[in-house]
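Visitor: Have a look at this one.
Values in this text are rule-based calculations from the coordinates and carry no lab data. Being a predicted model, the structure only gives us computed values, none of them experimental. In this analysis, Cβ positions are derived from the backbone assuming ideal geometry, glycine residues included, and neighbour counts consider all displayed protein chains.
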Amino acid sequence: MITCLADGFFPDVGVATVKLLRRLGVTVEFPQSQTCCGQPHFNSGYHDDARALARNTITTFAKAPLVVTPSGSCAAMVRLEYPELFHADPVWHPRAVDLARRTHELSDFLVNVLKVEDVGARFEGKATYHMACHLRGLGLLTEPIRLMRKVRGLHFVPLERYDECCGFGGSFAVRYPGISGAMVRDKAAFIEKTAVDAVVATDAGCLMNIGGCLNRQASKVRILHLAELLAQT
Amino acid sequence: MSNYAQHEHHDFLGASAQALADPTLQQALVRLTDTLLAGNRKGYAALADSSELRDHAKRIKEHTLAHLDQYLVQLEASVQRLGGKVHWAATADEARKIVVEIAQKANCKHAVKSKSMTSEEIHLNPALEAAGVEVTETDFGEFIIQVAGERPSHLVAPAVHHTRESVARVLSKHLGQQLADDPKSLAMTGRRVLREKFRQADLGITGANFAIAETGTVVLVTNEGNGRLTTTCPRVHVAIMGIEKVIPRFTDLPVFLKLLARGATGQTLSVYTTIITGPRQAGEYDGAEEFHLVLLDNGRSKVLATPFRESLQCIRCGACLNACPVYRRIGGHAYGGVYSGPIGSILTPLYDSVEENPHLPHASSLCGACQSACPVKINIPHMLIGLRELQHEREPNRWERWAYGLWSAVLQRPWAYRWALWAARVFLKRRATNGWIAQMPGPGAEWTKIRDFPAPAAQSFRDRWKELE
Amino acid sequence: MTAREAFLERVKSAVAEGNRAGGAPPLPERGRVGYQGAGADPVERFCQELIAAGGKAYLASDADAPLRLVQEILQSLNARRILLTRGGLIDQLGLAGMLRRLGLEVKTLDDLGADSREEFFQADVGITNVHRLIAETGTVVLTSRPNEPRSASLLPPVHICLAERSQILPDLFDLFDLFAPTASASKTLPPSCLTLITGPSKTGDIELKLVTGVHGPGEVHVILLAGSAGEG
Ligand code: SF4
């Protein structure tokens with residue numbers, strides 16, 4: 001599952017994910033009927049729309065033995081919210097539960113399903129890590145860091161308040177630019193303090209927010225999706 | 001200078017902008033929330049199976065709320081057996097009248113109050129004062145803001161928006177003498193002044209952190225000891241509690257005690273836990289002779305019937321405020337209601353008005369930090385989303401409804417989705433430099449006020465999939 | 001319908017309406033969840049936790065030690081007016097007499113009339129027995145009773161208490177297991193006031209600067225005797 005943000009804005013993340021998974025011996029399919037998991041609608045309180053999109057996603061991936069997505073946010077939507085969205089629907093509830101069980105965020109899949117931490121990646125330079133909020137919900141508190149620490153050549157620098165939200169939050173960023181702006185500026189300031197070459201995260205939402213702020217401030221720090229980092233050899 | 005600190009309001013945008021522009025407040029908020037959040041994490045980490053204990057606490061609350069009528073009846077019987085009196089207050093107004101009447105009947109003139117958000121909620125002080133009863137807040141932070149004529153801005157640190165200088169100013173003016181701005185000496189001045197109040201007091205008013213149905217017990221948790229003083233010195237004690245504060249058994253209490261202080265500050269226990277079961281017994285030297293328990297509904301039963309019932313599990317520890325990246329930037333007064341922070345964003349729309357608090361359910365990035373800090377793991381993000389849904393039902397925003405509907409219609413059709421990606425790419429192409437757009441049109445302009453927006457990729461992933469196959 | 005009945009009726013129908021299909025969950029049993037215990041050495045754990053909470057702990061190793069320790073604390077404070085509760089170790093040790101012999105102004109409950117609350121406001125130090133101690137949290141547990149007024153551990157700026165090691169309970173849960181709504185051979189009714197004290201009174205209301213003693217005692221001293229008898 002590519003996620004709509006990565007599809008349109010960060011296709012390299014998808015390409016990197018495919019390369020990485022293939023390198024690890026996984027067969028990758030990409031059903032073209034997938035679009036969006038419905039999280040924006042769900043979060044905004046348009047639950048009927050969200051259910052329609054969820055049904056599309058559930059149908060699209062009905063046959064896949066496992067679904068991997070380079071996004072904590074989409075994984076959280078599928079794993080945590082789909083079953084709840086259909087809790088009163090005798091037909092779709094079991095399907096939702098079934099898909100939830102088969103769906104994994106990338107770092108979850110690598111560390112907890114494939115049981116690898118060293119994926120043979122290489123990165124020359126200093127990098128830090130921002131934890132996407134949805135990983136908290138998924139309980140993936142250490143997986144990405146464990147993967148990063150095994151990357152050759154990578155010098156890991158911890159980030160102050162690494163697990164504080166960057167201020168993205170979908171429509172929140174547009175509705176409350178003042179509050180969201182204060183959050184992302186703080187995030188950018190902490191990142192600058194680490195003096196790294198790249199900041200790594202697992203979600204396109206965080207990366208577009210943090211990256212947009214760093215770019216506005218003409219920062220030299222690059223944004224890098226975990227998949228991109230791990231795909232490099 | 002506006003009066004967001006003095007009065008409840010519905011101006012979230014104005015109040016939050018003011019807070020963001022106040023560097024002193026920003027500093028105070030960071031100091032408070034950093035310290036307390038670190039305490040919260042340390043507190044849970046030090047408890048071997050804190051997550052299971054939190055689940056257990058949550059189940060007790062779930063069970064109690066699902067049998068609330070029975071437990072209230074049991075609580076009443078237990079209190080009466082001990083010689084206490086139980087009062088049922090359907091509304092804030094009824095609660096105020098009940099307390100005023102108790103004071104008048106017992107001929108009380110001087111009330112001392114231990115920190116109680118429930119009494120804030122019902123605006124008790126003005127009612128008592130109108131009836132000729134002097135009321136003194138005795139939690140030091142509450143005392144400061146009472147003197148300053150303000151509202152609390154945090155569940156457990158009500159005066160966090162004050163500095164040592166402003167406290168010295170406020171207290172100096174109140175006492176008519178020049179006080180140094182040193183926290184220790186200011187607190188000792190507070191002790192002196194409040195001791196006199198305790199000496200005179202004939203009425204003690206408290207909330208209740210918990211009430212135990214099987215024993216008729218009320219429990220007060222404080223760090224200063226004012227809860228003890230308030231229940232020990234005056235001859236009459238009135239405890240006011242929301243009906244959701246009842247728990248079934250005496251042995252359920254330590255489950256919550258183990259979590260409350262750890263969640264709030266990281267202490268293993270707060271300094272004082274005062275567990276009061278009925279009025280003073282024969283032969284005892286001190287303690288209140290008369291004990292009244294006021295059970296307050298004030299909208300709670302309405303919430304009990306809805307999917308927002310989970311909000312009634314709250315034990316008012318303040319952990320969600322400390323964990324919240326929005327609270328830590330705008331502070332408590334911005335939220336407008338009695339309760340602030342993530343839990344306030346749920347309670348204020350539910351109890352005040354969904355229509356008049358349109359921002360509160362949205363002023364959250366749904367990051368979930370609140371839930372992971374909450375001792376009873378309340379799913380605050382879910383309820384915020386639920387409130388957004390409720391808003392759409394009550395006051396549909398036609399334009400927004402249409403936009404989301406169109407968006408969803410596009411997303412349900414892969415060909416339309418593909419077309420939309422293409423259109424966005426073409427439309428935004430001219431605006432981009434080096435992959436970033438500095439100024440977006442439409443609602444995107446709010447985004448680019450602060451940061452750049454990524455340009456859509458020249459080729460979407462689905463188009464590149466062919467090369468990968 | 002009375003106001004009370006209407007109130008309860010509202011709650012009752014809200015309960016029914018809000019209970020999700022599948023019914024109401026049962027009251028869960030805790031089992032061992034959350035039980036911390038005190039580790040190998042409850043005395044040490046108690047002292048550590050009390051000190052972490054800002055209190056002071058003393059181990060009295062010989063028969064003279066308790067008095068000596070009390071005396072040292074009082075001297076270091078320059079305390080004059082001492083208030084004592086009755087019964088338990090305080091009586092067993094004959095503390096009142098010993099302190100009087102040192103020339104201190106000692107008030108016991110026997111010296112106080114029913115209306116001498118002022119003595120509590122004026123005292124420099126209150127000395128009490130304890131009901132139990134909790135090792136897990138460094139907590140002193142007091143029960144209200146005719147011999148043990150609540151004010152003695154509350155109004156004076158310094159609180160000293162005497163306890164025996166055998167009064168230490170490992171975990172907070174153990175304390176609550178001692179009480180029940182109906183008394184039995186192993187359990188008693190909760191007292192009118194059960195007070196848990198964990199360190200000195202604290203406030204952080206001004207800029208989070210920790211100040212002790214804003215309302216309750218600013219100092220809490222616990223003297224632990226080696227004895228093994230139960231509470232007094
Ligand atoms: S919602 Fe949870 S964290 Fe927030 S105040 Fe209530 S109990 Fe504490």
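Visitor: For the protein assembly as shown, compute Rg over Rh where Rg is the Cα radius of gyration and Rh is the Kirkwood radius from the inverse mean 1/r over Cα pairs.
Guide: Using only Cα positions, Rg/Rh for the protein assembly as shown is 1.01.
Visitor: Please turn the phi angles of the range C:93-106 into ³J(HN,Hα) values with the Karplus equation 6.51 cos²θ - 1.76 cosθ + 1.60 (θ = phi - 60°), one per residue in order, whole Hz, x for glycine and proline.
Guide: 7, x, 5, 4, x, 4, 5, 4, 4, 7, x, 8, 8, 9
Visitor: Using θ = phi - 60° and the Karplus curve 6.51 cos²θ - 1.76 cosθ + 1.60, what whole-Hz ³J(HN,Hα) does each residue of the range A:195-211 get, with Gly and Pro shown as x?
Guide: 3J(HN,Hα) across the range A:195-211, in whole Hz: 6, 9, 8, 8, 10, 10, 8, 9, 10, 4, x, 4, 5, 5, 6, 5, x.
Visitor: What's the exposure ranking of A:His130, B:His9, going from fewest to most Cβ atoms within 10 Å?
Guide: B:His9, A:His130
Visitor: Okay, moving on. Given Cα pairs under 8 Å that are at least 6 residues apart, what percent is the relative contact order of the range A:4-111?
Guide: 23
Visitor: For helix C:65-77, what angle does its Cα long axis make with the longest principal axis of chain C, in degrees from 0 to 90 and rounded to 10?
Guide: 90
Visitor: Also, I was wondering about something else. Under the rule of at least 5 residues apart or a separate chain, name every residue whose amide H is placed under 5 Å from the amide H of A:Lys126.
Guide: The answer is A:His155, A:Asp197, A:Ala198.
Visitor: Moving on to the next point. Place a point 7 Å from the Cα of B:Ala21 along the Cα-to-Cβ direction; which residues of the range A:161-190 have their backbone N under 18 Å from it?
Guide: Under 18 Å, as judged by backbone N against the label point of B:Ala21, lie A:176-183 of the range A:161-190.
Visitor: Per-residue HN-Hα couplings for the range B:430-445, Karplus 6.51 cos²θ - 1.76 cosθ + 1.60 at θ = phi - 60°, whole Hz, x for Gly and Pro?
Guide: Running phi through 6.51 cos²θ - 1.76 cosθ + 1.60 with θ = phi - 60° gives 4, 7, 8, 10, 6, x, 10, 10, 8, 9, 9, x, x, x, x, 4 Hz.
Visitor: Kindly state, to the nearest 0.05, the FRET efficiency for B:Asp182 paired with B:Glu467, given R0 = 56 Å and r defined as their beta-carbon distance.
Guide: 0.20
Visitor: Quick check on chain A: helices-only [θ] at 222 nm, where DSSP H runs of length 4 and up contribute -39,500 (n - 2.57) each and the sum goes over total residues. Nearest 500, please.
Guide: Value at 222 nm, helices only, nearest 500: -13500 deg cm²/dmol.
Visitor: For the range C:38-225, what's the relative contact order in percent, using C-alpha pairs closer than 8 Å and at least 6 residues apart?
Guide: Computed over the range C:38-225, the figure is 28 percent.
Visitor: Let me know the volume per residue of the alpha-carbon convex hull for chain B, in Å³.
Guide: Measuring per residue, one finds 185 Å³ for the Cα hull of chain B.
Visitor: A follow-up question, please. Give me the Debye-computed log₁₀ of I(q)/I(0) at q = 0.10, 0.11, 0.18, 0.24 Å⁻¹ for the range C:66-173, equal point scatterers on Cα only, no solvent, two decimals.
Guide: Listed by q, the Debye log ratios stand at -0.27, -0.33, -0.87, -1.42.
Visitor: How far apart, in nm, are the 7 Å Cα→Cβ label points at C:Ala40 and A:Leu66?
Guide: Here the answer is 4.4 nm between the modelled labels.
Visitor: Just the isolated ones, please: cysteines in chain B lacking another cysteine beta carbon under 4.7 angstrom.
Guide: Flagged as lacking a Cys partner: B:Cys108, B:Cys233, B:Cys314, B:Cys317, B:Cys324, B:Cys374.
Visitor: Among B:Ala90, A:Ala16, B:Pro254, which residue has its Cα furthest toward the positive end of the charge dipole of the protein assembly as shown, with +1 on Lys/Arg Cβ and -1 on Asp/Glu Cβ?
Guide: Result: A:Ala16, furthest along the dipole toward the positive end.
Visitor: Next question, about the same structure. Which of the trypsin sites (Lys or Arg not before Pro) found in the range B:401-469 are loop residues per DSSP with 11 or fewer other Cβ atoms within 10 Å of their Cβ?
Guide: Here the trypsin sites (Lys or Arg not before Pro) that fit, given the DSSP loop and packing criteria, are B:Arg430.
Visitor: Something else about it: Quick one: compute the contact order of chain B, relative version, from alpha carbon pairs under 8 angstrom and 6+ residues apart, as a percent.
Guide: Relative contact order of chain B: 20 percent.
Visitor: Would you mind checking the pairs B:Lys113/C:Lys209; A:Lys63/B:Lys429; B:Lys258/C:Lys209 and listing those with alpha carbons more than 27 angstrom apart?
Guide: Beyond 27 Å: A:Lys63/B:Lys429.
Visitor: Based on DSSP H runs of at least 4 residues, each adding -39500 (n - 2.57), what is the mean residue ellipticity at 222 nm of chain B after dividing by all its residues, to the nearest 500 deg cm²/dmol?
Guide: After summing the helix terms and dividing by residue count, I get -15000 deg cm²/dmol.
Visitor: Now for a separate question. Would you calculate a helix-derived [θ] at 222 nm for chain C, using -39,500 (n - 2.57) for each DSSP H run of n ≥ 4 and dividing by the full residue count, to the nearest 500?
Guide: -7500 deg cm²/dmol
Visitor: So how tilted is helix A:177-194 from the main axis of chain A? Cα-based, degrees 0 to 90, rounded to 10.
Guide: Between helix and principal axis, roughly 50 degrees.
Visitor: For B:Glu101, A:Glu228, B:Glu389, what ranking results if the residue with the fewest other Cβ atoms within 10 Å of its Cβ goes first?
Guide: Going from sparsest to densest Cβ surroundings: B:Glu101, B:Glu389, A:Glu228.
Visitor: Using only Cα atoms, find the angle between the long axis of helix A:11-23 and the longest principal axis of chain A, and express it within 0 to 90 degrees, rounded to the nearest 10.
Guide: 80
Visitor: Could you bin all the Cα-Cα distances of the range B:60-298 into 5 Å bins starting at 0 and give me the percent of pairs in each, rounded to whole numbers?
Guide: 1, 6, 14, 18, 20, 17, 12, 7, 3, 1, 0, 0
Visitor: For B:Trp436, what residues show an amide H to amide H distance below 5 Å, using hydrogens built from the backbone and excluding near sequence neighbours?
Guide: Amide H neighbours of B:Trp436: B:Ala455.
Visitor: A further question follows. What distance in nm lies between label points placed 7 Å from Cα along the C-beta direction at B:Arg81 and C:Ala185?
Guide: Each label point lies 7 Å from its Cα, and together they span 2.2 nm.
Visitor: Please report, for the Cα atoms of the range B:1-149, the Rg to one decimal and the Dmax as a whole number; what are they, in angstrom?
Guide: Both quantities, over Cα of the range B:1-149: 20.6, 55 Å.
Visitor: Expressed in whole Å with the largest first, what are the equivalent ellipsoid semi-axes of the range A:4-111 derived from the C-alpha gyration tensor as the square root of 5 times each eigenvalue?
Guide: After scaling each eigenvalue by five and taking roots: 24, 15, 12 Å.
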